[in-house]
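Beneath this line is the structure, given in structure tokens, with notes to follow.
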């Protein structure tokens, strides 16, 4: 670099969009290398001026703070963890100290991102189960329909649902339907085909097959065992 003006011109080219993409990625693996690459673009290791280092660091600090707020981290928690904007200058007395601070900043924000995603995923999976419980009678109910309703990809919802509840989402739908069918067969005078229709089956024979799979009896056998006259 020939002069301070050249340095400032380089600093203005810090790609904050790349910082934001790095934070949003939710990947700890390789995050340090990616940050180093972004810093190399402005030849950060050559910056001797504390003022200019602060200029670079504050851009990244502000981006990280904004990101943290979007994922539910309060300003108080952020400041307690990293210090306030006024505190940042004390962490930049050397290039090594500055790089260490920025690595910690990015790493911990990504860790928060991962934790927030896990919590959000758990909540949404519970919402998916509630959706099934309220809509099991819809014969078009499926993994795709539920995933769209809760805003997750079908593959992710399927994996997370099984992890949380120990069964596939499609199995849960079938079990919810059969559970309600048992109640109707036991406690009402509805015809079997009416019960099948009420719990989301349009094919009587398929309903009978699924009912026997879950109960060990056909709908007729189950109904007769409850002594309900049709």
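No lab work stands behind these numbers, since they all come straight from the coordinates. No experiment lies behind these values; they were computed from the predicted model shown. For neighbour counting, all protein chains shown are included, and Cβ atoms are generated from backbone atoms with ideal geometry for every residue, glycine included.
The table for this structure:
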item	result
Inter-probe distance in nm under a simple model that places probes 7 Å from Cα toward Cβ, at residue 118 and residue 162	2.1
Degrees between helix 95-135 axis and first principal axis of the chain (Cα, 0 to 90, nearest 10)	10
Residues 104, 226, sorted so that the one with the fewest Cβ neighbours within 10 Å comes first	226, 104
Stokes-Einstein diffusion coefficient of region 4-116, Kirkwood radius over Cα pairs, 20 °C, 1.002 mPa s, in µm²/s	151
Calculated FRET efficiency for the pair residue 45/residue 89, C-beta based, R₀ 22 Å, to 0.05	0.70
Cα-based helix-to-principal-axis angle, 31-40 vs the chain, degrees rounded to 10	30
Tilt relative to the chain, helix 169-187 - C-alpha long axis, 0 to 90 degrees, to 10	30
Region 136-230, Rg to Rh (Cα coordinates; Rh as Kirkwood inverse mean 1/r)	1.04
Relative contact order, percent, the chain [alpha-carbon distance under 8 Å, six or more residues apart]	15
Radius of gyration and maximum dimension Dmax of region 159-209, Cα, Å	12.7, 39
Cubic angstrom per residue, convex hull over Cα atoms of the chain	135
